[in-house]
Amino acid sequence: MQFQTFDTYEALSKAAAVAIAEEVRANPRAVLGLATGSTPLGLYRELIRLHREEGLSFAQVKTFNLDEYYGLAPDHSQSYHHFMWENLFSHIDISKENINIPSGTPDDVDAYCRAYDARINEVGGIDLQILGIGTNGHIGFNEPGEELTPRCHRVQLAEATIEANARFFDNAADVPRTAITMGMESILQAKKIMLLANGEAKAPVIGKLQTSGITTKIPATLLRLHRHVHVYVDAAAASQLAR
Ligand code: F6R
């Protein structure tokens, strides 16, 4: 795992965008794994700028999002479908049929999840997976616990996640209690992984990511099993990293 520290969130976002642009220019048919939340917003803004001003094309790129709240329809203002269209997809030349976001309202969760995992395999797996990290160490919505589920599944959100995400809803009671998430195995099968973290609130978990052994109690530590993980942190999130 390689840690790279940037002075500001803007610098981190630009560097992440440059790495993705390099990937897409080298392989216009790249398969990207995408995250939502506040962390990648700067990255998405920068990708939109690269598309508009520097001709970066996503015409043949395929994307797979990590997760979606269970029970939220795609047009719900807090759904991750809505988030992705609002913050990235509407502003770039990606084809609708190349976009994959887990459904929050599948009829049969198990069958839906099997099909989602199968779609990832059919396109040859994810080339570059972008991740944020929860203050509790979750990635995607793989929450800390005694065990982790390897493949796509419906998950009970941790209290810490519900609290952290309440800021996007009118009140905490409106935050869905469960979600559909890609599993750890699918994340670890990505060829390259880029984890982004900014802000003081992420400093303790980033510190632990550097020092802790692999444990399901901090799901992000499983990234130690992967050969190519770049962790991009701003100065605030890096404040508990050993030099
Ligand atoms: C979102 C996701 C989550 C977030 C994490 C951090 O698709 O998978 O793991 O990356 O909760 O969220 P923010 O960026 O809002 O701090």
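Overview of values
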read-out: 13 Å beta-carbon shell around Phe6, net charge (K/R +1, D/E -1); value: -3
read-out: Choice from Asp170, Asp117, Asp93 showing the highest fluctuation, given a GNM over the chain with Cα pairs closer than 10 Å; value: Asp170
read-out: Accessible surface, per residue, of the stretch 27-167 when the full set of protein chains is kept, probe 1.4 Å, Å²; value: 43 Å²
read-out: Amide H partners (placed H, <5 Å) of Leu195, local residues excluded; value: Leu131, His230, Val231, Tyr232
read-out: Pairs beyond 27 Å (Cα-Cα), from Lys96/Lys192; Lys96/Lys208; Lys62/Lys208; Lys14/Lys202; value: Lys96/Lys208; Lys62/Lys208
read-out: Cα-centre dipole for the chain with unit charges at Cβ (Lys and Arg positive, Asp and Glu negative), debye to 20; value: 740 debye
read-out: Highest to lowest packing among 190-197, 2-9, scored as the average C-beta count within 10 Å; value: 190-197, 2-9
read-out: Segment Lys217-Arg243, extension gain: residue separation times 0.36 nm, minus the distance between their alpha carbons; value: 6.9 nm
read-out: Around Glu159: net Lys/Arg minus Asp/Glu count, Cβ-Cβ under 12 Å; value: -1
read-out: Accessible area of the chain belonging to carbon and sulfur atoms, whole % at 1.4 Å probe; value: 48 percent
read-out: Sorted peptide list for 37-50, 151-164, criterion being average Cβ within 10 angstrom, highest first; value: 37-50, 151-164
read-out: Principal axes of the stretch 46-178: Cα extent on each, largest first, Å; value: 44, 34, 28
read-out: Rounded if a/c under 1.5, otherwise prolate or oblate - the chain, Cα gyration tensor axes; value: rounded
read-out: Residue-span extension gain [Gln4 to Asn27] - 0.36 nm each, minus C-alpha spacing; value: 5.9 nm
read-out: Overall dimensions of the stretch 121-228 by Cα: Rg and Dmax, Å; value: 14.0, 41
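The values are calculated or read from the model by the stated rules, or taken from the named source; none is laboratory data. Quick caveat: nothing in here was measured; it's all calculated off a predicted structure. All Cβ positions, glycine included, derive from the backbone under ideal geometry; neighbour counts span all protein chains shown. Heavy atoms of the whole protein, side chains included, go into the accessibility calculation; ligands, DNA and RNA do not. Shrake-Rupley method; radii C 1.70, N 1.55, O 1.52, S 1.80 Å.
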